[in-house]
Amino acid sequence: EVIPNQIAELPPFPEEKFVPSDRKLRVFFGAINRKSDWQPLMPELNRLAKERGDITFVVVNDLDFYQALESDSKEFHPYLAYPAYREVLRSCDIALLPLENTEFNRHKSDLKFLECAAEGVAVVGSEIVYGRLLHGDVNAGLIYRSNASRGSVFSAYSGLTVLANSLESRELSAR
């Protein structure tokens, strides 16, 4: 029997979390050896970086991803101990969780999604692994497809844009 992943403490998603007007939206990406998963998204991410000056990309571990980002607003963290990793994740607003449809990825766990939820970070995740978690009334993120063609499924660019706008709306309504 396989025991499902768990987080020691999983508080409700903090509805009051918003992006203060004095800082940029922080988009998290943390991975090792995931180039084949993120490479198809890089043109969309670079488009987003060019169109929006209010985003900082926060990258953990993946120097190739960091170097491929065409943005002046990015920060890189090498391999981190788990508590430091969770602290960096907690400092972000949105996490990008890309997984291409491969045999290996179809067997990956949902732990990264649970870590994001525990830290109050919204997710833009691929339908592989995370699709079964982000459906219905779940308010913790959006699913994307690399080749989105249906209205109910976003491209990564659209998903990030929708969540960024949503977080900004919360900030404006909180003033």
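The values are calculated or read from the model by the stated rules, or taken from the named source; none is laboratory data. This one's a predicted model, so the numbers in the text were calculated from it and none came from an experiment. Positions of Cβ are generated from backbone atoms using ideal geometry, with glycine treated the same way; all protein chains shown enter the neighbour counts. Accessible surface is based on the protein model in full, side chains and every heavy atom, while ligands, DNA and RNA are left aside. Shrake-Rupley method; radii C 1.70, N 1.55, O 1.52, S 1.80 Å.
Laid out as a table, the results:
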quantity: Flag if G120 is over 12 Å from L89 (Cβ atoms) and either at pLDDT 65 or above or not acidic (D, E) (or both); calculated: no
quantity: Within region 108-123, considering residues that are under 13 Å from F29 (Cβ atoms) and assigned to a helix (DSSP H, G or I), the one least open to solvent (accessible area, probe 1.4 Å); calculated: C116
quantity: Options G151, G159; residue that is closer than 23 Å to K74 by Cβ, at pLDDT below 65 and of a type in the set (G, A, S); calculated: G159
quantity: Residue in region 124-133 that is among the aliphatic types (A, V, I, L, M), touching an Asp or Glu at 6+ places or on another chain (Cβ under 9 Å), surrounded by 15 or more Cβ atoms within 10 Å (Cβ to Cβ) and in a loop (DSSP other than H, G, I, E, B) present; calculated: yes
quantity: Residue list for region 27-40, filter: exposed (fewer than 15 other Cβ atoms within 10 Å of the Cβ) and not in a helix (DSSP H, G or I); calculated: I32, N33
quantity: Residue within region 99-110 that is under 14 Å from the mean Cα position of the chain (by Cα) and either of a type in the set (S, T, N, Q) or modelled with pLDDT of 85 or more (or both) present; calculated: no
